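The structure appears right after this line, and notes come after that.
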Amino acid sequence: MKHCGGQLQKTSPAKSNTRIRVKDLRTANLLMKMSEIARIVGISRQRVFQILQEEGLPTKQHVKKCLYACPVCGRITKHKFCCGECRKEWLQIPVICSECGNLFIRSRSSFLNSYPHHNNVLFCSKKCTGKWLNKHYASKYHFNSRAVIHA
C-alpha cells in the first residue's frame, strides 16, 4: 500500500519486482550505467535514478580504476583496504615452523622474499634453524670424533 495525495494506492508486484531488479543490478555491478540498467529492466533512466536514491545506493557510475575490493573482507572501497585493521591482518601471515611446529607470524614482504629461497622450510627462531641444519647437513661436514687414525 502506498499513500499518495490523501488516498491509498496499491503497489503492484511488478513495481516491487522492478525495484528489486534495479537494486540487484546496481549492487552486482557498480560500473553499470543507469541507462544500461534502465534498458535491461525496461524503465526510464530517471526512474532508475529515483529508485537508487530511495534505496540509498550510489547513483553515479564508478570508474573502474577507483574501486577496489578489500582483500580481507571483500568490501568495495576507493582504497585497497577498507580499514587499518584489514590492512594489518593482510600484512601479517601465520606460518608453521618447519622444525618445532609452532605457529608464528611473519610479515608478508619477508615471507614472500624468503620462502622461495629456503627450499620450502621456514623457522621461528635461530635455534630451530640450527636444529634443522644439524639434522640435514651435519653428517656431510663433520667427521666422527671417535674415529682413530692409524699411521
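The values are calculated or read from the model by the stated rules, or taken from the named source; none is laboratory data. Remember, predicted model here, so these are calculated numbers, not experimental data. Virtual Cβ from ideal backbone geometry, glycine too; neighbours counted across all protein chains shown.
Couple of notes before you dig in:
- Every condition in (1) surrounded by fewer than 16 Cβ atoms within 10 Å (Cβ to Cβ); (2) not in a helix (DSSP H, G or I) holds for residue 123 except the one numbered (1).
- Positions within segment 82-111 being touching a Pro at 6+ places or on another chain (Cβ under 8 Å) and over 22 Å from residue 133 (Cα atoms), in sequence order: 86, 90
- Scan of segment 64-91 for residues that are exposed (fewer than 13 other Cβ atoms within 10 Å of the Cβ) and assigned to a strand (DSSP E or B), ordered by number: 69
- Note on segment 42-60: among residues that are modelled with pLDDT of 90 or more and not in a helix (DSSP H, G or I), the one that is surrounded by the fewest Cβ atoms within 10 Å (Cβ to Cβ) is 42.
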